[in-house]
Every structure is written in structure tokens, then in C-alpha cells.
Amino acid sequence: MPADRPDPPLRLPKSWPDHLCSAMVHVLSLARLACGAARGWAAEQINTRVRLKAELGRCHEEIAHLREEMRIKDARMARAPARRLPYYSATERMSILELRAARGWSLEQTARAFLLAAATVVAWVKRMDEGGPNVLVRLNEPVNKFPDFVRYIVQRLKALCPMLGKVKIAEILARAGLHLGATTVGRILKEPAAPEPTDAEPVRKKGAVTSKYPNHVWLVDLTTVSIGSGFWTAWSPFSLLQCWPFCWWVGVVLDHYSRRVMGVTLFRKEPTSVATRAFLGRVIHAAGATPRHLVSDKGPQFWCDEYPEWCDRRDIKPRFGAVGQHGSIAIIERLIRTLKQSLRWLPLVPLQRGAFLRELQLVAAWYNTHRPHVSLDDRTPDEVYHNLRPANRQPRFEPRAGWPRSSPCATPVTLVKGQQGVRLRMEVECLSGRKHLPVVRLQRAA
């Protein structure tokens, strides 16, 4: 065939261009379905190299998706005129310069990444050490009556644990010995970012059963946790099957009186009543106690003939939440929301049962030991369940040297530990290295 002869045109069906966009969406959904099934098979293999290769493939896919999101957002911002683009604040400019130093970017690379001119970055670098209230580049500074390090502690805790609201930050610091009001924390966080909604417990509604002591009333519920980003597909019924390797089924048991997580488990698919009862039996054996009442919804695992008989043999009175009423089992629903919010900070939801069960158990242990509750007067579930002295009732630090010693502090009111005007140093440890499970401690600065 002569080199200058053009290739014959590719003949396509006449209606094919009309369905090109729909075909692309369907192809991508099918590819996600096939990749999920293949990675599920690889996660169960004995060969470690196969499992690691599947996990590496998930990481590469996640990085590619994030880069595509950034590309789309940058393309939209690049089409706007330069004079209409929002300005970076002084603290954001400092963050850009810090990132440039960490990445080793040149002026052109920095300007291209943040839609700037190279001369603008040069001006920021030259004016980095300027002072005054209207500086071009600056670090976060306090704006209240507390010393600078108090604001640094609050902002650092928010940066390390962005899921925490102002009330939860105040509660955690009170347990560590530094009493701040929720409004004070919100004022400290106001300049760099708007305060997030209060992460408080839902209002407890009156019901037929009121818990009076630990192990009096337990709640049990089941939920799904998506292994990928969601369940949507491009074809009817527009959802993937709710089973492994597309999602995990999670079972949770909660003590109503103390809010303590009594047990968690995993299922590959929606569990049967037999599997659910076996899980409840293991939780009862591990706790060494049997609840007087067991509250659940009217799922098929509980709304059957075998479940009430199982409860009768153990002298348990089964109770059921109201049908069609949101919040009838609000306490355990709030726990499930907290579990999912914590798991959202994982890079990827593990495909292996042992790995994901360990993540659930770590969240449950942190929830029981280190997470205070508004409904429990800022105590943790373990403190209530085991009748321990609350950490927020211990003597507190007082960083304000001029504050009268006899004046009250933010609730709960406690005595001052040692001298006033003490400088503090915050230590944030992460439970088993998980950054979404912080353990905060305060110590006197040398």
C-alpha cells in the first residue's frame, strides 16, 4: 500500500454518535464494577504480592481521580478574568510558600499550581518578614485575651483533627486540663476559617424504656459501609449490589446508659437472623453481662419468630423502634454516623476483613475511652460505664496570670492546678498511628 494513501474511514452505526456520552458513562461504570470484583478476588489471595498489587492499584486509581478533580476545578478558575479571581488571605499566602518549600517548586511551578503570576510569588517572598497589622504574609496569630500558645493549641488541634467542632475541642481540652468556653474556641477559629456546626449529641426523646444503669438497655443496629466511593451505576436499578466486594455490612451494639460500644463486627452481605443472634451472643459473653432490654429496628433479622424466642431464653425483653419515625433509635444512629465520619479519613476502605475489622475496633476503642459526650456531662463512655472519675473534673491549668484565682472558669468549674500564668505544651498522639483518632495531652512548657 502506498505511504501517501489515507487509511479507510472506520464505519460506525448511524445512531452511534447520538449515544456516545451515555456509552462512555456506562463503560466507566462497568469498568468500576469489574475492577471491584477483581480486587476483591485479589484481596483474598494467599500470595502477599497479589494483595499488595491490588492495593497499589486502588491507590493509583484514587490519585488519578483526585488529580482529575483538581484539573476540572483549575480549568474553571483559569477561565475567569484575573481581576475577578478571589485574593488569597495572608495566612493562605504563607501556606503557599510553605508548600512551595516542601515540594521544591520553582516560581513558575508555584504560579501555575495556584493560578498566579511569578512576579506575585516573588513579591510575597520579599515581603515575608514584614510586620504590622496589615502584613502581606503572616502566620496565624491569637485575637483573644489568652496567650498566643493557647490559640496555637486550639488551631493546631483543629488542623490535625478537622472533624472536631468547637464544642468537642473545648471538651477535649477540658479533659486535658485547659478550660475554654465553646464561644472562645469559636472566636479563635473564626479568623482562619468559619466555625463548623456544633458536633453535639441529638436530643434524647422519651420512650417506653429508660436506661437506669449500665447493661440495662442495649441497642443493636446494622449499616453498610461502601468500599468504593459510592453505590451508583449508570444502569437500572442504578445501584451496585450491597455485598462484598462493593460494601461491608457492619453490626454495632451500644449500651444506652453509658453510650459505650459493646461490640462491632463485619458481614460480607446482609446478615441473617442466625448470624445476627450469634453476634449478639458473642457480645454478651465478652461483656459478662446480659441486658434487661434490647432495642432494635424492625429489620428482617429482628422481626421474625426466632429472635423473640432467643431473647426469652436469655431473659431479655426485645424492644423495637417506631416504624417510619426518624430518631426512634437515635443514640445508635448517631454512633453509626460517628463511625462513618471517622472511617472517611482512611485513604481507602480495606478489602480484607481482618484489616477493616481492626479499623472498626480502633474507632470503637477511641470512642469509648477518649471521646466526651455532651449528654454525659462531657464524660467518656468508659468513665460512665466503669464509674471512673471524669478527667474534666481534675484541677485545671490557668494560663492567664492576671485572672483572679477565685473566679469561675468555663464549665465544669474546677480548682487551679499550681501557679497561674503557666505556659503549656500540647502533645497529640494518634491511636495506633491513625490521625483521625487523636489523644490530646497538655504539659507544662519548660
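Number of residues in the range 101-116 that are charged (D, E, K, R) and either farther than 19 Å from Asp74 by Cα or modelled with pLDDT under 85 (or both): the value is 1. From the list Val121, Val135, Val143, Val150, the one residue that fits, being at negative phi, at pLDDT 85 or above and of a type in the set (A, V, I, L, M, F, W, C), is Val121.
Could you say which residue among Leu442, Leu357, Leu362, Leu351 is assigned by TED's automatic domain parsing to the domain that holds Trp248 and either without any contact (Cβ under 8 Å) to a residue 60 or more places away in the chain or not in a helix (DSSP H, G or I) (or both)? Outline the logic, then answer.
On the way: Leu442 fails: assigned by TED's automatic domain parsing to the domain that holds Trp248; Leu357 fails: either without any contact (Cβ under 8 Å) to a residue 60 or more places away in the chain or not in a helix (DSSP H, G or I) (or both); Leu362 fails: either without any contact (Cβ under 8 Å) to a residue 60 or more places away in the chain or not in a helix (DSSP H, G or I) (or both).
Among Leu442, Leu357, Leu362, Leu351, only Leu351 is assigned by TED's automatic domain parsing to the domain that holds Trp248 and either without any contact (Cβ under 8 Å) to a residue 60 or more places away in the chain or not in a helix (DSSP H, G or I) (or both).
Go through the range 74-131 and report how many residues are part of a helix (DSSP H, G or I) and of a type in the set (Phe, Trp, Tyr). So that I can check it myself, show each step before the final result.
The first filter runs over the range 74-131 and keeps only residues part of a helix (DSSP H, G or I), leaving 74-78, 82-84, 90-103, 107-113, 118-126.
From what is left, the residues that are of a type in the set (Phe, Trp, Tyr) are 124.
Count: 1.
Among the residues of the range 223-264, the ones that are aliphatic (A, V, I, L, M) and part of a loop (DSSP other than H, G, I, E, B) come to 4 in all. For the range 268-309, a residue qualifies if it is over 21 Å from Thr223 (Cα atoms) and of a type in the set (Gly, Ala, Ser), and the qualifying residues are Ala286, Ala287, Gly288, Ala289. If you go through the range 38-63 and pick out every residue that is loosely packed, with under 12 Cβ neighbours inside 10 Å, among the hydrophobic types (A, V, I, L, M, F, W, C) and over 27 Å from the mean Cα position of the chain (by Cα), you end up with 1.
Listed by first and then second residue, the pairs linking a residue in the range 92-113 that is outside the structural domain of Ala159 (by TED's automatic domain parsing) and exposed (fewer than 14 other Cβ atoms within 10 Å of the Cβ) to a residue that is aliphatic (A, V, I, L, M) and assigned to a helix (DSSP H, G or I), with Cβ atoms under 6 Å apart and 6 or more places separating them unless they lie on different chains, are Glu108/Ala118.
Here is a yes/no grid of residues against (1) surrounded by fewer than 16 Cβ atoms within 10 Å (Cβ to Cβ); (2) in contact with a Lys or Arg (Cβ under 8 Å, 6 or more places away or on another chain); (3) under 21 Å from Thr224 (Cα atoms):
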| site | (1), (2), (3) |
| --- | --- |
| Gln341 | yes, no, yes |
| Val374 | yes, no, no |
| Tyr385 | no, yes, no |
| Ser406 | yes, no, no |
| Leu415 | yes, yes, no |
| Gln419 | yes, no, no |
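Could you tell me whether any residue of the range 24-33 is among the charged types (D, E, K, R) and at pLDDT 85 or above? Let's see the steps before the verdict.
Taking the range 24-33 and keeping what is among the charged types (D, E, K, R), we get 32.
Still in the running and at pLDDT 85 or above: none.
Looking for residues that are among the charged types (D, E, K, R) and at pLDDT 85 or above, one finds none in the range 24-33, hence no.
Being more than 22 Å from the chain's Cα centre (by Cα) and closer than 28 Å to Pro381 by Cβ is the filter here, so list the residues in the range 230-254 that pass it. None - no residue of the range 230-254 is more than 22 Å from the chain's Cα centre (by Cα) and closer than 28 Å to Pro381 by Cβ, so the list stays empty.
Residues that are in a loop (DSSP other than H, G, I, E, B), touching a residue at least 40 places away in the same chain (Cβ under 8 Å) and surrounded by 12 or more Cβ atoms within 10 Å (Cβ to Cβ) within the range 391-404 comprise Gln394, Pro399, Arg400, listed in sequence order. When Arg353 is tested against (1) closer than 23 Å to Arg260 by Cβ; (2) among the basic types (Lys, Arg); (3) touching a strand residue (DSSP E or B) at 6+ places or on another chain (Cβ under 6 Å), only condition (1) is not met.
Test Val167 against the criterion of being of a type outside the set (D, E, K, R), at pLDDT 85 or above and not assigned by TED's automatic domain parsing to the domain that holds Trp345, and give yes or no.
Taking the combined requirement at face value, the residue satisfies it.
Taking the numbered list (1) touching a residue at least 24 places away in the same chain (Cβ under 8 Å); (2) out of contact with any Asp or Glu (no Cβ under 7 Å at 6 or more places or on another chain) in turn, Tyr385 passes all entries but (2). Of the residues screened, Pro300 is one that is within 30 Å of Gly36 (Cβ to Cβ) and not in a helix (DSSP H, G or I).
The values are calculated or read from the model by the stated rules, or taken from the named source; none is laboratory data. Worth saying up front: this structure is predicted, and the values here are computed from it rather than measured. Counting neighbours? That spans all protein chains shown, and the Cβs are built from the backbone with ideal geometry, glycine included.
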